[in-house]
Amino acid sequence: MPVHTMIKYLTRPLIAMAWLCPMWAVAQSTDPLPPQTQLVAASGAPPAMQETFTIAAVASGSVQPDLVMTFTDLQTPAPLSTASVVVTQGAAIVGTTALAGAATTATLALPAAVGQYTLRVIGTPGSAGYGIFTVCVAPKATPTACIADASLSGNITVQTTTADPTLTTFSATLTVATQGSYTFTYADEKFPVALSSATIAPSIALFQGATLISVPVPASPATLTLNPGTYTLLGIAQADPTAKAGLFGVSVSGPAGVSLLNIAYPIGTLAAASALTNPSAQSLKLTVTDFAFPTALGSASAMVTSGATSLGSATASGGASSFSAPAGPLQVWSFGAPSTGAGTYEVDLTAGAASLLQADFGVSSAGSFAYAFVSQALAAGVYQATANDFQFPAALTAAQFAVAQNGAVLKQAISVGSLQFTAAAGPVVLLIDATPSANGNGLVDVNVQTAGASPQLEFDHLQLVMTVPGGFTSQGINLGTSGTFNVTLNDLMFPAQFQSLALIGTSSGTVLGSVYGAGTFPITATPGNYQFTIVAIPAVNEQYGLYGIQIVDAPPTVTLTASPTSVAAGGTTTLSWTTTNATSCTASGGTFTGNESTGSGSTSVVAAATTTYTLTCTGAGGTASQTATVTVTPAVAKSGGGGGGVGLDLVGFLGMLVLVRMRTRTSSERQGATWMSPGGTSAR
């Protein structure tokens, strides 16, 4: 790409856009994650436009006005192919609208709107590759009187194609305070190999505003006379097509030793450097170790730079390297290439016996993903390391696990599980190689605990195993208080149902709960760190998907029963109750009053009349109450005089006996008259 073409592309005006990051922020609230929505963009999808606004409630006695949102396609430079708008509040959709056919506007009613809302716009441009729109939120009575904080304008751009992984551009702002001669120096650090020169030679150009001042590089060093002002240095370089990684340095120095720029830039897939501070000018030693786990690497190397200057490098095959380094900030660059499969390696920078840096890396290959994690320093002793496949969103196809220390593997296994090992004082390295299932993603946890009957967690790390980019994120939340929380995930099906949507909560290597598609699970938490991981892959042929998420205090629950539920006046009944997620409970009804215990309890009460008893409990998640009614039946009246008197009930009983006896006697007499009639024959 010619320099002037590259510069034109990088400096063209851009319309400011807000991109919703799928990673969750821990809100300052009693709820770890208050109700909210997240928009997920598929790989390559352009950022969605969004606006968050708040509509305040009107004064008491006034009527809250209805609002209307109007989306307008400005048809500049060409009409949009599609456009959809969604308005959300908390974790729910308030409403959606979309352009229909050849229409250039779409509206959405927001009746009596109050509270905080988020408005998002997605779509596809027309033939020009991008299209401009406006969104106006206004009172329904005056739909063109846009509320400034709730309205926006922007553009919809075409989905991007996969970028060339070997090509990198960069920019830097230079502020010149003193007129004079400035020297621009460029150096290919040739790490891990020299930059490509076959297609795009490294080029660096200097601009002031939109005016090209000069192209000082690739000629190096190059001297320019600059006047006071602000300049932009723009550059482009291409990595070696095989290594797909490179490094070059740029420095700009001026009169009296003034430094405007002194930095090294990674090219292609070269990862960012590990930064450290060298406490004093001294000799340092750089060592690279190939663990040969699960297989030996084709190469592993590291380089130390100070700004744009290379100080020294080392390889796993060539051994350690010693060099002098100035005091101050240093950068350590690392690179590994596979051979027959995935591998792991370590980079150590030391000053005598003191360690300035220990960094460990995994190199993936052919669907096998390798990772390395350094624990905090451990005391010498026996420990247990564990690797857990959380089977989220599906089980791993294969996994290997190892523990290393001081450049050597101590123990290893061909599957997930636990390893007991003896460690020297200092950090250990947990190595894992995982192959995900056909769906492309997995989740694995590695941790270290002390050995014995009461193990203590020393180190824990949750790792996403990703082959499908995007839509797979993890967020740690630190809970400062104990409590029970409900974790809820909902597929809001905008613009369509997710191809895959799931959420899992974990802590210290243990799964707390999970949900697939939509649902809720509770967690009972104590103060500490918790991890929530979500996979959200938009539907096939869709660029976006919208879900609702919340982690909030679980509401209390109450049960209250009476036994028996019916008694005579003055009788006794037992009230029993159980509660969850409650911090306090209050009783009411008859003699059932005052504060009662949470959890479970019972008490006896005397009922003088039919009474409804109530237990109301309060917790972090709200208030709940339960009632139980006891029916009182009237007692049978009794009478009688002084000692020896006979009660009416007994008199009634004796009277009944006399009546039965008389009836029996009469019946017998009648039977005798029938069988003993004159003439010796029976008669009735």
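Where a number appears in this text, it was derived from the coordinates with a stated rule and is not lab data. Remember, predicted model here, so these are calculated numbers, not experimental data. Glycine gets a Cβ as well: all are built from the backbone with ideal geometry, and neighbour counts include every protein chain shown.
Summary table below
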| item | result |
| --- | --- |
| Fully extended contour minus Cα-Cα distance, from Lys190 to Thr610, at 0.36 nm per residue | 142.0 nm |
| Computed over segment 451-569, Kirkwood Rh from alpha-carbon pairs, angstrom | 17.1 |
| Distance histogram in 10 Å bins (all Cα pairs of segment 268-405, percent per bin) | 11, 37, 32, 16, 4, 0 |
| Compactness of segment 512-617 - radius of gyration and Dmax, Cα, Å | 22.2, 73 |
| Separation between Cα centres of segment 420-451 and segment 94-157, rounded to whole Å | 48 |
| Interatomic Cα distance distribution for segment 557-633, bins of 10 angstrom, percent | 22, 52, 22, 5, 0 |
| Between segment 513-580 and segment 351-416, the Cα center-to-center distance that results, in Å | 37 |
| Shape parameters for segment 71-215, alpha-carbon atoms, Rg then Dmax in Å | 23.7, 67 |
| Note, ³J(HN,Hα) from phi for segment 510-520, Karplus 6.51, -1.76, 1.60, rounded to Hz, x at Gly and Pro | 10, 7, 8, x, 8, 8, 10, x, 6, x, 9 |
| Theoretical gain in end-to-end length, Thr242 to Ala271 [0.36 nm per residue, Cα-Cα removed] | 8.8 nm |
| Dmax and Rg, reported as Rg then Dmax, of segment 367-451 (C-alpha, Å) | 13.1, 41 |
| Derived scalar couplings ³J(HN,Hα) [segment 180-191; Karplus, 6.51 cos²θ - 1.76 cosθ + 1.60; whole Hz; x for Gly, Pro] | x, 8, 10, 9, 9, 10, 10, 8, 7, 6, 6, 10 |
| Gyration tensor over alpha-carbon atoms, segment 43-120, equivalent ellipsoid semi-axes in Å | 28, 16, 10 |
| Label-to-label distance, nm, for residues given as Thr183 and Val511 (7 Å Cα→Cβ offset) | 6.3 |
| Per-residue HN-Hα couplings for segment 473-480 [Karplus 6.51, -1.76, 1.60; θ = phi - 60°; Hz; x = Gly/Pro] | 9, 9, 9, x, 10, 9, 9, x |
| For q = 0.16 Å⁻¹, Debye-computed log10 I/I(0) when each Cα of segment 167-268 counts as one equal scatterer | -0.66 |
| Global geometry of segment 160-204, whether rounded, prolate or oblate, following the gyration tensor of its Cα atoms and the 1.5 cut on a/c | oblate |
| R0 of 51 Å, Cβ-Cβ distance Thr225-Ala78: FRET efficiency to nearest 0.05 | 0.65 |
| Prolate/oblate/rounded call for segment 226-331, Cα gyration tensor, a/c under 1.5 rounded | oblate |
| Met49 long-range amide H proximity, modeled H, under 5 Å | Val121 |
| Cβ charges +1 (Lys, Arg) and -1 (Asp, Glu), total dipole of the chain, debye | 1860 |
| Per-pair calculated FRET efficiency, R0 = 45 Å: Ala380 and Ala327 via Cβ, rounded to 0.05 | 0.85 |
| Translational D in µm²/s for the chain (Stokes-Einstein at 37 °C, 0.692 mPa s, Kirkwood Rh from C-alpha pairs) | 101 |
